[in-house]
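Let me begin by presenting the structure, written as C-alpha coordinates, before commenting on it.
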Amino acid sequence: MTDQDQKQAASGEATPGKHREPSYKRHGARYRARRRAVDLIFEAEQRGVDAVKMLEERLEMARDPELGVNPIPEYTEQIVRGVAAEIVGIDSTISSYLSEEWPLRRIPAVDRAILRLSTWELFHNSDVPPRVAVVEGVELASEYSTDVAPPYINAVLDAEASVADQARLAAAAVALTPIVSDPLAEGSAPATDFEKAAADQAAYDASNPAPQSDDEYQQVPDSDGTAAVTGLSMEDIAKLVAADLEGERPESRE
(Lines give C-alpha, C1' and ligand atoms only; values in the text may rest on other atoms or scores of the structure.)
Protein backbone atom coordinates (compact mmCIF):
# COMPACT_ATOMS: atom_id res chain seq x y z
CA MET A 1 0.00 0.00 0.00
CA THR A 2 1.43 3.38 -0.97
CA ASP A 3 1.67 6.33 1.44
CA GLN A 4 -0.85 8.12 -0.75
CA ASP A 5 -3.39 5.31 -0.46
CA GLN A 6 -2.87 5.08 3.30
CA LYS A 7 -3.64 8.79 3.67
CA GLN A 8 -6.70 8.50 1.42
CA ALA A 9 -7.97 5.51 3.37
CA ALA A 10 -7.86 7.56 6.56
CA SER A 11 -9.46 10.71 5.21
CA GLY A 12 -11.11 10.27 1.80
CA GLU A 13 -11.27 13.06 -0.74
CA ALA A 14 -14.40 13.09 -2.86
CA THR A 15 -17.77 14.63 -2.03
CA PRO A 16 -20.30 12.05 -3.29
CA GLY A 17 -23.02 13.46 -5.50
CA LYS A 18 -21.43 16.89 -5.87
CA HIS A 19 -20.04 17.68 -9.31
CA ARG A 20 -16.93 19.82 -9.15
CA GLU A 21 -13.72 20.41 -10.98
CA PRO A 22 -11.01 18.04 -9.74
CA SER A 23 -8.08 19.47 -7.82
CA TYR A 24 -5.08 18.02 -9.58
CA LYS A 25 -2.78 19.33 -6.87
CA ARG A 26 -4.47 16.95 -4.41
CA HIS A 27 -4.13 13.95 -6.68
CA GLY A 28 -0.94 12.01 -7.11
CA ALA A 29 0.39 9.54 -9.62
CA ARG A 30 -2.13 6.82 -8.71
CA TYR A 31 -5.13 9.02 -9.52
CA ARG A 32 -3.61 10.15 -12.80
CA ALA A 33 -2.98 6.49 -13.64
CA ARG A 34 -6.64 5.74 -12.96
CA ARG A 35 -7.71 8.59 -15.24
CA ARG A 36 -5.56 7.23 -18.04
CA ALA A 37 -6.99 3.75 -17.50
CA VAL A 38 -10.55 5.08 -17.76
CA ASP A 39 -9.61 6.70 -21.08
CA LEU A 40 -8.21 3.44 -22.44
CA ILE A 41 -11.05 1.22 -21.21
CA PHE A 42 -13.61 3.66 -22.60
CA GLU A 43 -11.85 3.96 -25.97
CA ALA A 44 -11.37 0.22 -26.36
CA GLU A 45 -15.09 -0.41 -25.90
CA GLN A 46 -16.01 2.37 -28.31
CA ARG A 47 -13.67 0.96 -30.94
CA GLY A 48 -14.75 -2.63 -30.27
CA VAL A 49 -11.18 -3.80 -29.72
CA ASP A 50 -9.47 -5.71 -26.94
CA ALA A 51 -8.26 -3.33 -24.25
CA VAL A 52 -4.95 -5.18 -23.79
CA LYS A 53 -4.17 -5.13 -27.51
CA MET A 54 -4.85 -1.40 -27.63
CA LEU A 55 -2.77 -0.89 -24.49
CA GLU A 56 0.17 -2.72 -26.06
CA GLU A 57 -0.14 -0.56 -29.17
CA ARG A 58 0.03 2.58 -27.02
CA LEU A 59 2.99 1.22 -25.07
CA GLU A 60 4.82 0.67 -28.33
CA MET A 61 3.89 4.14 -29.60
CA ALA A 62 5.05 5.73 -26.35
CA ARG A 63 8.52 4.29 -26.95
CA ASP A 64 8.83 6.37 -30.13
CA PRO A 65 9.60 9.98 -29.12
CA GLU A 66 8.60 11.24 -32.56
CA LEU A 67 4.98 10.19 -32.03
CA GLY A 68 4.53 12.35 -28.94
CA VAL A 69 2.53 9.75 -27.02
CA ASN A 70 2.81 10.18 -23.26
CA PRO A 71 4.27 7.22 -21.37
CA ILE A 72 1.72 4.80 -19.92
CA PRO A 73 1.98 4.64 -16.11
CA GLU A 74 2.70 1.19 -14.73
CA TYR A 75 -0.48 1.26 -12.65
CA THR A 76 -2.55 2.17 -15.70
CA GLU A 77 -1.18 -0.91 -17.41
CA GLN A 78 -2.00 -3.03 -14.36
CA ILE A 79 -5.58 -1.75 -14.26
CA VAL A 80 -6.28 -2.24 -17.97
CA ARG A 81 -4.85 -5.75 -18.00
CA GLY A 82 -6.74 -6.60 -14.83
CA VAL A 83 -10.08 -5.29 -16.06
CA ALA A 84 -9.70 -7.09 -19.39
CA ALA A 85 -8.82 -10.37 -17.68
CA GLU A 86 -11.72 -10.19 -15.24
CA ILE A 87 -14.30 -8.42 -17.43
CA VAL A 88 -16.91 -11.20 -17.25
CA GLY A 89 -16.93 -11.36 -13.46
CA ILE A 90 -16.64 -7.58 -13.11
CA ASP A 91 -19.63 -6.93 -15.38
CA SER A 92 -21.65 -9.62 -13.62
CA THR A 93 -20.86 -8.06 -10.25
CA ILE A 94 -21.79 -4.54 -11.33
CA SER A 95 -24.99 -5.79 -12.94
CA SER A 96 -26.06 -7.40 -9.68
CA TYR A 97 -26.21 -3.94 -8.09
CA LEU A 98 -28.15 -2.31 -10.94
CA SER A 99 -31.85 -2.61 -11.60
CA GLU A 100 -33.55 -4.23 -14.57
CA GLU A 101 -34.64 -0.78 -15.74
CA TRP A 102 -31.06 0.48 -15.81
CA PRO A 103 -28.77 -2.46 -16.66
CA LEU A 104 -25.04 -2.08 -17.20
CA ARG A 105 -25.44 -1.77 -20.96
CA ARG A 106 -27.86 1.14 -20.61
CA ILE A 107 -25.79 3.44 -18.41
CA PRO A 108 -23.36 5.85 -20.13
CA ALA A 109 -20.15 4.32 -21.44
CA VAL A 110 -17.93 6.51 -19.26
CA ASP A 111 -19.83 5.43 -16.14
CA ARG A 112 -19.37 1.83 -17.23
CA ALA A 113 -15.60 2.35 -17.59
CA ILE A 114 -15.36 3.92 -14.13
CA LEU A 115 -17.39 1.16 -12.50
CA ARG A 116 -15.27 -1.50 -14.19
CA LEU A 117 -12.04 0.11 -12.97
CA SER A 118 -13.28 0.62 -9.41
CA THR A 119 -14.78 -2.87 -9.18
CA TRP A 120 -11.46 -4.36 -10.26
CA GLU A 121 -9.70 -2.36 -7.52
CA LEU A 122 -12.25 -3.44 -4.93
CA PHE A 123 -12.20 -7.15 -5.77
CA HIS A 124 -8.77 -7.77 -7.29
CA ASN A 125 -6.23 -5.30 -5.92
CA SER A 126 -5.52 -5.82 -2.24
CA ASP A 127 -2.97 -2.98 -2.30
CA VAL A 128 -5.81 -0.44 -2.49
CA PRO A 129 -8.00 -0.03 0.61
CA PRO A 130 -11.69 -0.45 -0.29
CA ARG A 131 -12.51 3.06 0.94
CA VAL A 132 -9.89 4.52 -1.41
CA ALA A 133 -11.35 2.61 -4.36
CA VAL A 134 -14.82 3.98 -3.57
CA VAL A 135 -13.66 7.57 -3.07
CA GLU A 136 -11.52 7.58 -6.19
CA GLY A 137 -14.33 6.08 -8.26
CA VAL A 138 -16.71 8.81 -7.13
CA GLU A 139 -14.04 11.42 -7.87
CA LEU A 140 -13.59 10.07 -11.38
CA ALA A 141 -17.36 10.22 -11.89
CA SER A 142 -17.37 13.83 -10.69
CA GLU A 143 -14.67 14.67 -13.22
CA TYR A 144 -15.77 12.66 -16.24
CA SER A 145 -19.54 12.29 -16.06
CA THR A 146 -22.62 14.36 -15.29
CA ASP A 147 -24.06 15.40 -11.93
CA VAL A 148 -26.19 12.26 -12.13
CA ALA A 149 -23.29 9.82 -11.92
CA PRO A 150 -21.55 10.36 -8.54
CA PRO A 151 -24.54 9.44 -6.29
CA TYR A 152 -25.39 6.15 -7.94
CA ILE A 153 -21.77 5.17 -8.57
CA ASN A 154 -21.11 5.88 -4.89
CA ALA A 155 -24.01 3.62 -3.92
CA VAL A 156 -22.91 0.76 -6.17
CA LEU A 157 -19.29 0.92 -5.03
CA ASP A 158 -20.25 1.22 -1.37
CA ALA A 159 -22.34 -1.92 -1.71
CA GLU A 160 -19.45 -3.73 -3.39
CA ALA A 161 -17.00 -2.50 -0.74
CA SER A 162 -19.02 -4.28 1.94
CA VAL A 163 -18.01 -7.64 0.43
CA ALA A 164 -14.62 -6.62 -0.97
CA ASP A 165 -12.55 -8.52 1.58
CA GLN A 166 -14.32 -11.80 0.89
CA ALA A 167 -14.16 -11.21 -2.87
CA ARG A 168 -10.41 -10.58 -2.72
CA LEU A 169 -9.84 -13.83 -0.85
CA ALA A 170 -11.91 -15.71 -3.42
CA ALA A 171 -10.08 -14.06 -6.31
CA ALA A 172 -6.73 -14.94 -4.77
CA ALA A 173 -7.78 -18.57 -4.41
CA VAL A 174 -8.87 -18.73 -8.04
CA ALA A 175 -5.57 -17.18 -9.13
CA LEU A 176 -3.70 -20.08 -7.51
CA THR A 177 -5.64 -22.66 -9.54
CA PRO A 178 -3.54 -23.86 -12.51
CA ILE A 179 -5.00 -23.27 -15.96
CA VAL A 180 -4.87 -26.21 -18.35
CA SER A 181 -4.88 -25.17 -21.98
CA ASP A 182 -6.97 -26.97 -24.58
CA PRO A 183 -4.66 -28.11 -27.41
CA LEU A 184 -7.63 -28.30 -29.79
CA ALA A 185 -8.30 -24.60 -29.26
CA GLU A 186 -4.73 -23.57 -29.97
CA GLY A 187 -3.81 -22.09 -33.31
CA SER A 188 -6.90 -19.93 -33.50
CA ALA A 189 -7.42 -16.41 -32.25
CA PRO A 190 -10.91 -16.27 -30.75
CA ALA A 191 -12.32 -13.00 -29.54
CA THR A 192 -11.27 -12.09 -26.04
CA ASP A 193 -13.82 -11.61 -23.27
CA PHE A 194 -13.35 -7.85 -23.54
CA GLU A 195 -13.97 -7.91 -27.30
CA LYS A 196 -17.10 -10.01 -26.74
CA ALA A 197 -18.34 -7.52 -24.14
CA ALA A 198 -17.67 -4.62 -26.52
CA ALA A 199 -19.49 -6.42 -29.34
CA ASP A 200 -22.47 -7.14 -27.10
CA GLN A 201 -22.51 -3.48 -26.08
CA ALA A 202 -22.41 -2.35 -29.72
CA ALA A 203 -25.32 -4.65 -30.55
CA TYR A 204 -27.29 -3.27 -27.61
CA ASP A 205 -26.56 0.32 -28.63
CA ALA A 206 -27.62 -0.39 -32.21
CA SER A 207 -31.03 -1.67 -31.12
CA ASN A 208 -31.46 0.84 -28.31
CA PRO A 209 -30.54 4.28 -29.66
CA ALA A 210 -29.55 6.82 -27.05
CA PRO A 211 -32.13 9.58 -26.41
CA GLN A 212 -31.59 12.85 -28.23
CA SER A 213 -31.54 14.75 -24.93
CA ASP A 214 -30.33 14.08 -21.41
CA ASP A 215 -33.87 14.29 -20.01
CA GLU A 216 -34.32 10.54 -19.57
CA TYR A 217 -30.94 10.07 -17.92
CA GLN A 218 -31.34 13.19 -15.78
CA GLN A 219 -34.54 11.77 -14.31
CA VAL A 220 -32.70 8.80 -12.85
CA PRO A 221 -31.36 10.34 -9.63
CA ASP A 222 -34.39 12.52 -8.97
CA SER A 223 -36.29 11.49 -5.86
CA ASP A 224 -36.70 7.72 -5.85
CA GLY A 225 -35.18 7.47 -9.32
CA THR A 226 -31.75 6.70 -7.93
CA ALA A 227 -33.16 3.55 -6.34
CA ALA A 228 -34.24 2.47 -9.84
CA VAL A 229 -30.59 2.44 -10.87
CA THR A 230 -28.90 1.02 -7.81
CA GLY A 231 -31.63 -1.20 -6.45
CA LEU A 232 -31.09 0.56 -3.10
CA SER A 233 -33.65 2.76 -1.38
CA MET A 234 -33.08 6.50 -1.17
CA GLU A 235 -32.84 6.10 2.60
CA ASP A 236 -30.05 3.55 2.21
CA ILE A 237 -28.21 5.77 -0.26
CA ALA A 238 -28.49 8.74 2.08
CA LYS A 239 -27.00 6.65 4.88
CA LEU A 240 -24.12 5.57 2.65
CA VAL A 241 -23.32 9.14 1.68
CA ALA A 242 -23.62 10.29 5.29
CA ALA A 243 -21.26 7.51 6.36
CA ASP A 244 -18.73 8.75 3.84
CA LEU A 245 -18.92 12.26 5.25
CA GLU A 246 -19.03 11.36 8.92
CA GLY A 247 -15.76 10.28 10.42
CA GLU A 248 -14.17 9.53 7.03
CA ARG A 249 -13.28 13.10 6.11
CA PRO A 250 -11.04 15.70 7.80
CA GLU A 251 -12.97 18.38 9.67
CA SER A 252 -11.84 21.12 7.30
CA ARG A 253 -13.23 20.01 3.97
CA GLU A 254 -12.76 21.64 0.59
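The values are calculated or read from the model by the stated rules, or taken from the named source; none is laboratory data. The structure presented is a predicted model; accordingly, all values stated were derived computationally and were not measured. With ligands, DNA and RNA removed, areas are computed over all heavy atoms of the protein, side chains included. Shrake-Rupley method; radii C 1.70, N 1.55, O 1.52, S 1.80 Å.
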| note | With every protein chain kept in place and a 1.4 Å probe, the residues LEU59, LEU157 fall, from largest accessible area down, as LEU59, LEU157
| Fraction of accessible area attributable to carbon and sulfur, segment 16-173 (%, probe 1.4 Å) | 50 percent
| request: Calculate, in nm to one decimal, what LEU169 and LYS53 gain on full extension: separation in residues at 0.36 nm each, minus their alpha carbon distance. | output: 38.9 nm
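So what is the accessible area of segment 49-167 per residue, in Å², with the probe set to 1.4 Å?
38 Å²
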| query | What per residue convex hull volume, in Å³, comes out for segment 52-120 when only alpha-carbon positions are used? | reply | 87 Å³
| remark: The rounded separation in angstrom of the Cα centers of segment 28-101 and segment 102-141 is 12 Å
| task | Put one equal scatterer on each alpha carbon of segment 94-167, apply the Debye formula with no solvent term, and list log10 I(q)/I(0) at q = 0.15 1/Å to two decimals. | result | -0.43
